[in-house]
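S.K.: First the structure, then my questions, so here it is.
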Amino acid sequence: MNEHGVIALDAVLTPLREEAVSEPRPLDLPGTEMAPGVWLYTDPEADLSGEWASPRGRLCEIGITLARPGRWLGLHVALPPFEADAVTWLGFALRVHAARPLALRPCLRSGTEEGFVDTFFDRHALARTAETDHQAFLAPDRHPDLPATAPWRELILFLPSGESLSLALHDLRIFAL
């Protein structure tokens, strides 16, 4: 926590910020680990191919060619443990662009003994052909289904699963207040 009461929750993104992966790497589907704690997952029933890279100045670039759509496609970022009822806001800020406009659906996933609970942010993030900034907040006390404690949590950016895409994620900051 810093002097302003902000708790950074995005340490797993540090390798993508600091270590360039300039040469595109093929996606290893259905799950591609981009760094420890950062994965791109797709529905195993989807038929797609693609590649990813993490060039200097960007967290990642993702290119996907779709042959058969799946039900989901998500960029998962593991979060450190935190008590949801101990924070007023959970938020993120991202800078993104895409080859054509795309809607990203942000979600907080919390592990449970039965599986997981998804808590969606109120707004989609829009990736456009120019770099776009997006910020969103979720107030845990306004989401009664959000587990106060969880053995694990992730921020997921659900990407469109029914189309080919080209996306660059320049930065992503995840925090609690």
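The values are calculated or read from the model by the stated rules, or taken from the named source; none is laboratory data. What you see is a predicted model; the values in this text were computed from it and never measured. Cβ coordinates were reconstructed from backbone atoms using ideal geometry, including for glycine residues, and neighbour counts include every protein chain displayed. Please note that ligands, DNA and RNA were not included when accessible areas were found on the heavy atoms of the full protein model with its side chains. Shrake-Rupley method; radii C 1.70, N 1.55, O 1.52, S 1.80 Å.
S.K.: Where residues in segment 84-124 are part of a strand (DSSP E or B) and hydroxyl-bearing (Ser, Thr, Tyr), which of them is nearest to ASP141 (Cα to Cα)?
M.R.: Our first condition is that a residue be part of a strand (DSSP E or B); within segment 84-124, this holds for 90-98, 102-112, 115-120.
Next, from what is left, pick out any that are hydroxyl-bearing (Ser, Thr, Tyr): 110, 112, 119.
Numbers: SER110: 15, THR112: 18, THR119: 12 Å.
Here the answer is THR119.
S.K.: Identify the single condition in (1) more than 24 Å from SER161 (Cβ to Cβ); (2) open to solvent by 10 Å² or more (accessible area, probe 1.4 Å); (3) within 15 Å of the chain's Cα centre (by Cα) that GLY91 does not satisfy, given that it satisfies every other one.
M.R.: Among (1) more than 24 Å from SER161 (Cβ to Cβ); (2) open to solvent by 10 Å² or more (accessible area, probe 1.4 Å); (3) within 15 Å of the chain's Cα centre (by Cα), the lone unmet condition for GLY91 is (2).
S.K.: Please find, among PHE116, PHE121, the residue that is in contact (Cβ under 8 Å) with a residue 12 or more places away in the chain, on the phi < 0 side of the Ramachandran plot and out of contact with any helix residue (DSSP H, G or I) (no Cβ under 6 Å at 6 or more places or on another chain). Break it down stepwise before answering.
M.R.: On the way: PHE116 fails: in contact (Cβ under 8 Å) with a residue 12 or more places away in the chain.
Selected residue: PHE121, the only one of PHE116, PHE121 that is in contact (Cβ under 8 Å) with a residue 12 or more places away in the chain, on the phi < 0 side of the Ramachandran plot and out of contact with any helix residue (DSSP H, G or I) (no Cβ under 6 Å at 6 or more places or on another chain).
S.K.: Right, next: Of the residues that make up segment 160-168, is at least one touching an Asp or Glu at 6+ places or on another chain (Cβ under 6 Å), open to solvent by less than 30 Å² (accessible area, probe 1.4 Å) and modelled with pLDDT of 95 or more?
M.R.: Going through segment 160-168, the residues touching an Asp or Glu at 6+ places or on another chain (Cβ under 6 Å) turn out to be 168.
Right, trim to open to solvent by less than 30 Å² (accessible area, probe 1.4 Å) and you get 168.
Narrowing further to those that are modelled with pLDDT of 95 or more: 168.
Scanning segment 160-168 turns up at least one residue that is touching an Asp or Glu at 6+ places or on another chain (Cβ under 6 Å), open to solvent by less than 30 Å² (accessible area, probe 1.4 Å) and modelled with pLDDT of 95 or more.
S.K.: Here's something else I'd like to know. Residue pairs, Cβ under 8 Å, 6 or more apart or interchain, first in segment 34-61 and free of Cβ contacts under 8 Å to residues at least 12 places away in the same chain and among the hydrophobic types (A, V, I, L, M, F, W, C), second in a strand (DSSP E or B) and open to solvent by less than 50 Å² (accessible area, probe 1.4 Å). List them.
M.R.: none
S.K.: If you don't mind, there's one more thing I want to ask. Could you check segment 13-63 and list, in sequence order, the residues that are of a type in the set (Val, Ile, Thr), touching a Phe, Trp or Tyr at 6+ places or on another chain (Cβ under 9 Å) and either closer than 24 Å to ARG109 by Cα or not in a strand (DSSP E or B) (or both)? Give the derivation first.
M.R.: Start the filter on segment 13-63 by keeping residues that are of a type in the set (Val, Ile, Thr), which leaves 14, 21, 32, 38, 42, 62.
Narrowing further to those that are touching a Phe, Trp or Tyr at 6+ places or on another chain (Cβ under 9 Å): 21, 32, 42, 62.
Correct list: THR32, THR42, ILE62.
S.K.: Restricting to segment 120-138, name every residue that is in contact with a Ser or Thr (Cβ under 7 Å, 6 or more places away or on another chain) and open to solvent by 10 Å² or more (accessible area, probe 1.4 Å).
M.R.: Step one: filter segment 120-138 for residues in contact with a Ser or Thr (Cβ under 7 Å, 6 or more places away or on another chain), giving 126, 138.
Correct list: LEU126 only.
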